[in-house]
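Undergrad: First, the structure itself, so that you have it in front of you.
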Amino acid sequence: MDVKELYDLKIWFTNYVSTFNFSNPDLQQNINLKEEHTKQVCRNIILIGKQIGLNDDELRFAEILALFHDLGRFEQYSKYRTFMDSRSEDHALLGIKILEKHNVLRQFDDELKDLILSSIRYHNQSLLPQNAEKRHLFYIKLLRDADKLDILRIVVGYYSGSMGKKNDTISLEMPDTPGISQEVYKSLILGKTVNIKDVNNLNDLKLLQTGWVFDINFKPTMDYIKRQRSLERMQEVLPQSDEIKRIFNMVFAFETKN
Ligand SMILES: [Fe+2]
């Protein structure tokens, strides 16, 4: 994998994304958001990858995973006007279909192609695959870290109002009602990630995203989360209840340890 090949794939991506354009700025904003997110995940995967010792070839390979991980988002949004997989379709599978349809990965041998597709396939699953081989598992973990790091940046910015107006697509159309769900509380207090099925309102969604720290795989990712102050900022946009304080004590203790 040389620099030129990566460059060509980036050009393909940019051309593909440019086919999605809406005259309505509210709709276009969500396409732009995913394009910018992709760029940021590319940057993140390189930052994290360098710190865990990947060589240049491995870094370029990792960048391809980041480049295509959310490819399905553009068609998903265009077709269904939502980023909720449960209300539309699995955006990872959709992205894989698009890569296959356009034969984008034709220069890779079967093994590398399989590695790229399985990383995309599992980037949005709640659990890591049980019997993936070591190299697959490594890249899946790396992609998930790079992705979560940027989603935290986006959502915390949104919740704290720096993005301006309300955007139901980011808040997954969750109602901004008081309180939190008990299942969400129970998971987090046990140091577990939250299941999306247990999320009933915006507070729950914020807590689900907070709980991603329990699913971070590499120390450098955790260091960047600390530097972004994502967790502190998340706490500021949640109610100051005793339950939430207890959750954050747990989360900060975990963050400090890792
Ligand atoms: Fe993503």
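The values are calculated or read from the model by the stated rules, or taken from the named source; none is laboratory data. On a predicted model such as this, the values are computed, not experimentally measured, just so you know. Neighbour counts are summed over all protein chains in view; Cβ atoms, including those assigned to glycine, are modelled from backbone coordinates with ideal geometry.
Undergrad: Among the residues of the stretch 154-161, are any away from the ligand (no atom under 16 Å from the Cβ) and loosely packed, with under 14 Cβ neighbours inside 10 Å?
TA: yes
Undergrad: Considering only the stretch 26-43, state which residues are within 13 Å of the ligand (Cβ to nearest atom) and exposed (fewer than 13 other Cβ atoms within 10 Å of the Cβ).
TA: Once the filter is applied, which keeps residues that are within 13 Å of the ligand (Cβ to nearest atom) and exposed (fewer than 13 other Cβ atoms within 10 Å of the Cβ), the stretch 26-43 yields only 36.
Undergrad: Moving to a separate point now. Any residue at all in the stretch 15-25 that is surrounded by 18 or more Cβ atoms within 10 Å (Cβ to Cβ) and either under 18 Å from the mean Cα position of the chain (by Cα) or under 24 Å from residue 228 (Cα atoms) (or both)?
TA: no
Undergrad: Confirm whether residue 4 is modelled with pLDDT under 95, away from the ligand (no atom under 16 Å from the Cβ) and assigned to a helix (DSSP H, G or I). Working first, answer last.
TA: Details: modelled with pLDDT under 95: yes; away from the ligand (no atom under 16 Å from the Cβ): yes; assigned to a helix (DSSP H, G or I): yes.
Criteria met by residue 4.
Undergrad: Exactly one condition in (1) within 14 Å of the ligand (Cβ to nearest atom); (2) farther than 18 Å from residue 96 by Cα; (3) small (Gly, Ala, Ser) is false for residue 23; which is it?
TA: Of the numbered conditions (1) within 14 Å of the ligand (Cβ to nearest atom); (2) farther than 18 Å from residue 96 by Cα; (3) small (Gly, Ala, Ser), the odd one out for residue 23 is (1).
Undergrad: For residue 174, which of the numbered conditions (1) closer than 22 Å to residue 80 by Cα; (2) within 16 Å of the ligand (Cβ to nearest atom) fails to hold?
TA: (2)
Undergrad: Listed residues 109, 176; which is surrounded by fewer than 16 Cβ atoms within 10 Å (Cβ to Cβ), over 28 Å from residue 229 (Cβ atoms) and among the charged types (D, E, K, R)?
TA: Of 109, 176, the one residue that is surrounded by fewer than 16 Cβ atoms within 10 Å (Cβ to Cβ), over 28 Å from residue 229 (Cβ atoms) and among the charged types (D, E, K, R) is 109.
Undergrad: For the stretch 118-139, give me each residue that is closer than 22 Å to residue 222 by Cβ, within 13 Å of the ligand (Cβ to nearest atom) and surrounded by 22 or more Cβ atoms within 10 Å (Cβ to Cβ).
TA: Once the filter is applied, which keeps residues that are closer than 22 Å to residue 222 by Cβ, within 13 Å of the ligand (Cβ to nearest atom) and surrounded by 22 or more Cβ atoms within 10 Å (Cβ to Cβ), the stretch 118-139 yields 119, 123.
Undergrad: Same structure again: Among the residues of the stretch 22-45, write down those that are in a helix (DSSP H, G or I), more than 14 Å from residue 148 (Cα to Cα) and not charged (D, E, K, R).
TA: Residues satisfying the conditions are 25, 27, 28, 29, 30, 31, 32, 33.
Undergrad: Against the definition (in contact with a helix residue (DSSP H, G or I) (Cβ under 6 Å, 6 or more places away or on another chain) and surrounded by fewer than 18 Cβ atoms within 10 Å (Cβ to Cβ)), how does residue 46 come out, yes or no?
TA: yes
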